[in-house]
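The values are calculated or read from the model by the stated rules, or taken from the named source; none is laboratory data. Here the structure is a predicted model, which means the values were calculated and not measured. Counting neighbours? That spans all protein chains shown, and the Cβs are built from the backbone with ideal geometry, glycine included. These area figures cover heavy atoms from the full protein model, side chains too; ligands, DNA and RNA do not enter into them. Shrake-Rupley method; radii C 1.70, N 1.55, O 1.52, S 1.80 Å.
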Amino acid sequence: MGYQHLEVTVDGAVATLWLNRPVKMNAVSQDMWDDIPDAVADLNADNRVRSIIVAGRGPAFTVGIDLELLADLGNFDGSPAEQSRRIYDLIRRFQETNNAFADSPKPTIAAIHGYCLGEGISLATACDIRLATADAQISIRETRMGLVADVGVLQRLPSIIGFGQTAELAFTGKDIDGNRAAAIGLVNRVYPDHDSLMEGARELADEIASVSPLVVAGVKEVLAANRGRDLDQALDYVAMWNSAHLLSDDLREALAAFTEKRNPAFKGT
């Protein structure tokens, strides 16, 4: 499927979803908000794909929401109640765009370079893993624009870097670079430039893709299920998951490959 400001490439078992509006530094336009869930759904349905990289064409990951789109929010007609309802509905739609990455059964890696502002950090925190260049500039920029960030970062970031670090970034809207992001646990690894970032993202995506896709999807589901459950509930959930999926063809293949001293060929069944 073709998209106006997205590009999807598939190489082997790894897909890359490119934000492709470089002239606007990948500012997220209405069509991008609408198309990202469709693009992710297509990749979810593609059995070739076992891991997904999210990256930006041009000089930046994304500078966040397109300011022209943001300005249009003030142009709604109708009563205050009708305006509030329309804004509420729009925010919920935008939240679903980022949820597409969190809800995908396939692992997602955000490869961050240049600016990663506002919606950028919300999108990145909806991914499972984040990598960045040393000179990346990351911020909850909404604060400095007179807004409360509302598309996921305030909900996801505390479980990634803790409440105090989240509060500092959200209260100030300050920019942090890739090295600072790594120091507080926001990104897993830092690279000197964009080329090495994409090489590192590909290596990690390949490593993930070499594992049983059934197991990787299960790990992602179990990790998500841990949230909001106490320890015993979380342990019970993984026991239930494995009771349904443990005796898989991939497990038999792994055991056979170990015995035969060869690399396993997983099929996700």
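Odds and ends about this structure:
- Candidate aspartates and glutamates for bridging to K174, where Cα separation is under 13 Å - those fewer than 8 sequence places away on the same chain excluded: E142
- Structure-derived Kirkwood radius over Cα pairs in Å - corresponding label in [x] 18.9; [y] 18.5; [z] 19.7: [z]
- Using a probe of 1.4 angstrom and keeping all protein chains present, the accessible surface of region 62-139 works out to 41 square angstrom per residue.
- Percent carbon-and-sulfur accessible area, the chain, ignoring ligands, DNA and RNA, probe 1.4 Å: 55 percent
- Accessible-area value, H113, 1.4 Å probe, nucleic acids and ligands omitted, Å²: 10 Å²
- Relative contact order computed over the chain (Cα-Cα under 8 Å; 6+ residues apart), in percent: 16 percent
- Most fluctuating residue given options A126, A256, A41, as computed from a GNM of the chain linking Cα atoms under 10 Å: A256
- Computed about its Cα centre, the charge dipole of the chain is approximately 440 debye, with only Lys, Arg, Asp and Glu carrying charge at their Cβ.
- Our summary gives region 76-193 a relative contact order of 26 percent, counting only alpha carbon pairs under 8 angstrom and 6 or more residues apart.
- Relative contact order [Cα under 8 Å, 6+ residues apart], region 160-269, whole percent: 21 percent
- With coordinates expressed along the principal axes, the C-alpha atoms belonging to region 141-269 extend over 58, 41, 21 Å, beginning with the largest.
- The chain: most fluctuating residue of R21, R156, R92 per GNM, C-alpha cutoff 10 Å: R92
- Charge-dipole axis of the chain as Lys and Arg at +1 and Asp and Glu at -1 on Cβ define it, positive-most pick from P59, V153, Q4: V153
- Within the same chain, lysines fewer than 8 places from K106 are excluded, and of the rest, those with a Cα less than 23 Å from its Cα are K220, K267.
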